[in-house]
Amino acid sequence: MSLLKSLFNVKQYQSIQVPGSHNILCSRYSIICMLVVMLLGLPACGEKEVTRELEIESQISGISTSRWNNISKKYIFFGHQSVGRNILEGIAGVQKEHSGINLRVEELKDKAPSGPALWHSRVGKNTQPSTKINEFERVLSEYGASFDYAGLKFCYVDVNQDTDVKALFNEYQLSVERLKKKFPHIKIIHFTVPLEATSWDIISKVKSVVKTIIGKPDANYRRYEYNQLVRGAYEKNEPFFDLAHIESTFPDGRRSTRTKDGVHYETLVPAYTNDGGHLNELAQKIVAESLLMFMLDMGD
């Protein structure tokens with residue numbers, strides 16, 4: 001009981017408004033008991049999920065050297081921040097396991113790309129997605145003549161419960177259209193926004209329940225709304241990498257979701273993170289292999 005009391009100040013939740021009725025005054029201990037009961041009903045992220053790493057079969061076993069050679073001849077730009085770094089770490093790990101993957105991965109600095117590679121750089125500032133859009137467009141405006149493909153991946157912190165997702169998506173689309181007109185040879189890769197886990201540890205479970213009690217929206221729901229706009233616009237007719245779908249899918253195919261107003265929206269599989277948002281070694285491998293398979297299809 002003392003552990004839960006130390007996680008948050010329960011005094012501010014002593015008065016609960018029930019729709020259509022008066023406030024109900026509850027003792028702090030009653031509310032804690034309510035939270036405990038609700039927590040017991042949440043799915044656990046125990047050892048069984050973590051140990052499924054041993055059951056994962058590589059997606060890229062048996063890929064011919066000629067197919068890897070095809071993609072290794074492409075100039076690709078990847079704009080990202082910390083989750084993007086996680087993915088690149090995953091690619092490096094996969095390359096150690098599969099020597100036939102001769103894809104060159106290089107950081108793009110203050111000069112034009114020298115040779116085909118997966119060129120990447122950190123763009124913009126986290127929590128400020130407009131800065132990422134602007135810098136992605138600036139980089140391509142300077143070096144776009146060299147690239148065959150280019151993609152911007154937001155981080156989960158760029159979309160929260162207060163984000164105007166329609167405005168953000170409109171800003172992204174306008175930037176993409178400007179780049180297409182300036183560099184018609186570049187194929188833009190569209191990414192869905194990554195997610196957070198809602199029950200990766202006891203603290204996050206408590207916070208999730210509190211948000212439900214006070215009616216505060218889940219940031220993952222806003223990410224779902226944004227991702228649905230990306231899917232609707234690009235999934236069927238342009239290069240599209242559904243990172244959110246991969247992050248919310250267990251190794252055995254089950255999905256990690258929550259429900260709001262009858263809508264099932266995605267959350268990060270708890271076993272894929274050590275801090276609630278960044279990808280651990282297991283998730284890095286899963287996402288990296290999926291991205292490499294996606295890139296192979298681009299090279300064919």
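No lab work stands behind these numbers, since they all come straight from the coordinates. The structure displayed is predicted, hence computed values, not measured ones. So basically every Cβ, Gly included, is an ideal-geometry build from the backbone, and we count neighbours across all protein chains shown.
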Residue-wise HN-Hα coupling along segment 101-108, computed from phi with Karplus coefficients 6.51, -1.76, 1.60 (Hz; x: Gly, Pro): 7, 9, 6, 7, 10, 9, 7, 7
Cut-off under 5 Å, modelled amide H: who pairs with ASN280 long-range: THR273, ASN274
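Figure the gain on full extension for THR131 and LYS166 (residue separation times 0.36 nm, minus the Cα-Cα span) and round it to one decimal in nm. Walk me through the numbers on the way to the answer.
Details: separation 35, 0.36 × 35 = 12.60 nm, distance 1.69 nm.
The span from THR131 to LYS166 would gain 10.9 nm if fully extended.
Pop the C-beta distance of HIS185 and ARG254 into the FRET formula with R0 = 41 Å and round what comes out to the nearest 0.05.
Values: r = 41 Å, r/R0 = 1.00.
Calculated transfer efficiency: 0.50.
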Calculated from backbone phi, Karplus (6.51, -1.76, 1.60) coupling profile of segment 170-185 in Hz, x at Gly/Pro: 4, 4, 5, 4, 4, 5, 4, 5, 5, 5, 4, 5, 7, 10, x, 7
Extension reserve of the LEU174-ALA92 stretch, reckoned as 0.36 nm per residue once the Cα distance is removed: 26.2 nm
Amide H partners (placed H, <5 Å) of PHE78, local residues excluded: TRP119, HIS120, SER121, GLY151
Whole-Hz ³J(HN,Hα) from phi, Karplus 6.51 cos²θ - 1.76 cosθ + 1.60, for segment 272-282, glycine and proline x: 9, 9, 9, 9, x, x, 6, 8, 7, 4, 4
D_trans [Stokes-Einstein, Kirkwood Rh over alpha-carbon pairs] for segment 71-151, 10 °C, 1.306 mPa s, µm² s⁻¹: 120
Longest to shortest principal axis, alpha-carbon extents of segment 93-208, angstrom: 50, 41, 22
Too-long pairs where the Cα-Cα distance tops 22 Å, listed order kept, from LYS125/LYS181; LYS153/LYS180; LYS187/LYS285: LYS125/LYS181; LYS187/LYS285
